[in-house]
Amino acid sequence: MASSTQAIPVIHYPERDGKPMGETQYHIAVILYLYAAMGRHFRNAEKLYVGADMLLYYEEGNPAAVVVPDVFVVKGVGKFPRRTFKIWEERTSPCVVFEITSRSSRLEDLGNKRALYEMLKVKEYFLFDPLDEYLSPRLQGFRLTGNLYQPILLQDGSVTSEELGLILKPEGTLLRLLDAVSGSALPTMDEIADQMQTESDRAQAETQRADAETQRADAQTQRADAQTQRADAQTQRADAESQRADRAEAELVRLRAELQRRRQD
């Protein structure tokens, strides 16, 4: 009796959802800053991954079970690049999610996404409105307590992420990140470029000052060499004069001796 096997269908998980990264340049700027700043800040943390605008699948076998966080952080996984993030393969969910809210996303960010991240056990969820038009307050944070999100208390308009050890502080249209221990701000790419330019200018100025010092030292050495040469020449002249004087004295002694001898004769 012949046996047949049924092929297991291959499930395709798309890598793109066809939607733009953000509604405005302000939203994109915040997303890129959060992604780059946290990537640099946690660059030495071996098991921590920062992702942005990536399709996150949370139900194996169901490509429709997908969400696209603006920025998210996952602990306990490698830093290698990914095309998508599948929770059942990674065996963990993000610990923190950021959504940069807009006119078209505000209801979903506050409703469906909040409920989904709550279900996925995302420990902290942050919403930010860069234009201060759709959220009041413009920065909102939620922390998972049991199975439910509880609002994080704002302090002077800022919130602290316990998961990341960072302070989140609105600064113009930017959501600035600060180290919770040192209080130092995580720089933007422009600030890093400015700092590098300043350091380059300082290094160039130091090189120019060192070159000037070297030139002055060389000039002093040359003057010292010239003085030494003049002193040597004077010494040589003095030696020559002394030798001439010695020869003259010797000649005088000889002449006196010759004169004395002739008188005796």
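Overview of values
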item	result
Per-residue Cβ neighbour rank within 10 angstrom, fewest leading, GLU99, GLU133	GLU133, GLU99
Total formal charge among the other residues, if their Cβ is under 9 angstrom from that of ALA45, Lys/Arg +1 and Asp/Glu -1	+3
Computed helical MRE - 222 nm, the chain, DSSP H runs ≥ 4 contributing -39500 (n - 2.57), nearest 500	-14500 deg cm²/dmol
Region 112-265: relative contact order in percent, alpha carbon pairs under 8 Å with at least 6 residues between	10 percent
Set of aspartates and glutamates near LYS79 by C-alpha distance (under 19 Å), chain-local residues within fewer than 8 positions excluded	GLU15, GLU46, ASP53, ASP70, GLU89, GLU90, GLU163
Estimated FRET transfer efficiency (ALA185, LEU110; beta-carbon r; R0 22 Å; 0.05)	0.20
The chain: relative contact order in percent, alpha carbon pairs under 8 Å with at least 6 residues between	11 percent
Environment charge at THR207 (Cβ cut-off 14 Å; Lys +1, Arg +1, Asp -1, Glu -1)	-3
For the chain, share of DSSP beta bridges that run antiparallel, in % to the nearest 5	80 percent
Which of ALA240, GLN208, LEU255, positive extreme of dipole for region 187-265 (C-beta unit charges)	LEU255
Principal-axis tilt of helix 25-41 within the chain, Cα atoms, nearest 10 degrees	60 degrees
Of LYS47/LYS169; LYS19/LYS75; LYS86/LYS123; LYS19/LYS113; LYS86/LYS121; LYS75/LYS121, those spanning more than 21 Å from alpha-carbon to alpha-carbon	LYS47/LYS169; LYS19/LYS75
Label-point separation in nm, ARG223 to ARG91, each point 7 Å along Cα→Cβ	7.6 nm
Förster-model FRET efficiency, 41 Å R0, GLU241 and GLN264, C-beta, rounded to 0.05	0.70
Mean separation of Cα contacts under 8 Å, 6 or more apart, over the residue count of region 133-206: relative contact order %	14 percent
3J(HN,Hα) from dihedral phi, region 183-192, Karplus parametrisation 6.51/-1.76/1.60, rounded to Hz, x for glycine, proline	x, 6, 7, 6, x, 7, 4, 5, 5, 5
Lys, Arg +1 and Asp, Glu -1 on Cβ, resulting dipole of the chain about Cα centre, debye, nearest 20	820 debye
Region 79-212 - charge dipole about Cα centre, Lys and Arg +1 at Cβ, Asp and Glu -1, debye rounded to 20	760 debye
Listed residues VAL67, ILE100, PRO137: farthest to the positive end of the dipole of region 25-186 (Cβ charges)	VAL67
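Values quoted throughout were computed directly from the atomic coordinates according to the rules given, and no laboratory measurement underlies them. Note that the structure is predicted; figures quoted are calculated from it, not measured. Don't worry about glycine lacking a Cβ; one is built from the backbone with ideal geometry, like all the others, and counts go over all protein chains shown.
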